[in-house]
Amino acid sequence: MDQSRIVTAAVLIIGNEILSGRTQDVNINFLACELGEIGIRLMEVRVIPDAADTIVATVNEVRARFDYVLTTGGIGPTHDDITSECIARAFGVPWELHPEASAILLDHYGRQNLTEAQLRMATTPRGAALIENPVSKAPGFQIGNVFVLAGVPRIMQSMFDSLKHRLTGGAPLRSRAIVSSLGEGLLARDFKALQDKYPAVEMGSYPFFRDGRAGTSLVLRATDEPLLERAADEVRAMIRGLGGTPVDEAVV
């Protein structure tokens, strides 16, 4: 783990079914949490359609800006699964049958049952390294700093477990969440003063209404844990000084 710098990632959710509302994405939360545990900060998420030019342009943009790019969706056997060939276009390499991937599918389906459509899932950009898929066997792949995963959550999660040893993180981002029944308007001025005092601590204010009560959750994040705790102590003192009761809450 490289503690000397911030390591960043972007996630591309690819699929018309997400944009139409037909399918609800649940992959972002999983990836954000898993990357954070490794010390990689998820800085951007984009949901884009199954449109070749959009995929190519977006992949090329984000792979130049972030340390890692993870894509989900569009690597199945049907005509609208175009992510793999678009990644090949983005890198300017041929899209071709991967011998190891085809052997995996042949072993899984059997020679008599393996269809041309299924074999499409063994076609990758030239030079790609496979990502194991323990669930349905059709592998994902890595090329450069881009990791291409399935969209089905259970399969995507198993693929991520297979690839995460390839990722090198920086300093893990630690968090504190402090809840108060006080409203944002009452907290805002003093909370901003604390943010100015602790510029290395990311501070956010999130109002809520749950279980019949309103309040505000103040979330602090930093890589320096002692500094984070000092800032959190001052936030607790600020809430008490304004007549509230601070309650520590797990960050999810």
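The values are calculated or read from the model by the stated rules, or taken from the named source; none is laboratory data. The structure presented is a predicted model; accordingly, all values stated were derived computationally and were not measured. Neighbour counts run over all protein chains shown; Cβ positions are idealised from the backbone, glycine included.
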Only residues that are of a type in the set (Ser, Thr, Tyr) and surrounded by 15 or more Cβ atoms within 10 Å (Cβ to Cβ): list them for region 1-22, please.
-> Thr8
Filter pass, Val247 being buried (at least 17 other Cβ atoms within 10 Å of the Cβ), within 30 Å of the chain's Cα centre (by Cα) and of a type outside the set (Gly, Ala, Ser) | no
Per the list (1) modelled with pLDDT of 95 or more; (2) more than 21 Å from Val135 (Cβ to Cβ), residue check on Arg5 breaks on (1)
So is Ile48 buried (at least 20 other Cβ atoms within 10 Å of the Cβ) and either over 17 Å from the mean Cα position of the chain (by Cα) or not assigned by TED's automatic domain parsing to the domain that holds Glu116 (or both) or not?
-> no
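Residue under question is Val148, and the condition is that it be under 16 Å from Ala10 (Cβ atoms) and touching a Ser or Thr at 6+ places or on another chain (Cβ under 6 Å); does it hold?
yes
Here's a check for you: in region 23-45, which residue that is assigned to a helix (DSSP H, G or I) and polar (S, T, N, Q) is surrounded by the fewest Cβ atoms within 10 Å (Cβ to Cβ)?
Looking at residues that are assigned to a helix (DSSP H, G or I) and polar (S, T, N, Q), I get Asn29.
Please work out if Gly204 is surrounded by fewer than 20 Cβ atoms within 10 Å (Cβ to Cβ) and either assigned by TED's automatic domain parsing to the domain that holds Asp50 or at positive phi (or both).
On the way: surrounded by fewer than 20 Cβ atoms within 10 Å (Cβ to Cβ): yes; either assigned by TED's automatic domain parsing to the domain that holds Asp50 or at positive phi (or both): no.
Here the answer is no, as Gly204 does not meet what is asked.
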May I ask you to verify whether Arg63 is outside any loop (DSSP other than H, G, I, E, B), charged (D, E, K, R), at pLDDT below 95 and buried (at least 18 other Cβ atoms within 10 Å of the Cβ)?
-> no
Can you tell which of Arg89, Arg41, Arg120 is of a type in the set (Lys, Arg) and within 17 Å of Val152 (Cβ to Cβ)?
-> Arg120
Counting only residues that are among the charged types (D, E, K, R) and touching a residue at least 60 places away in the same chain (Cβ under 8 Å), which one in region 139-198 is nearest to Gly76 (Cα to Cα)?
-> Lys164
All conditions in (1) assigned to a helix (DSSP H, G or I); (2) modelled with pLDDT of 95 or more are true of Glu17 except (2)
For region 42-58, the count of residues that are farther than 21 Å from Thr23 by Cβ and among the aliphatic types (A, V, I, L, M) equals 3
Single residue of Ala117, Ala122, Ala101, Ala88 found to be closer than 22 Å to Ala52 by Cα, in contact with a helix residue (DSSP H, G or I) (Cβ under 8 Å, 6 or more places away or on another chain) and without any contact (Cβ under 8 Å) to a residue 60 or more places away in the chain = Ala122
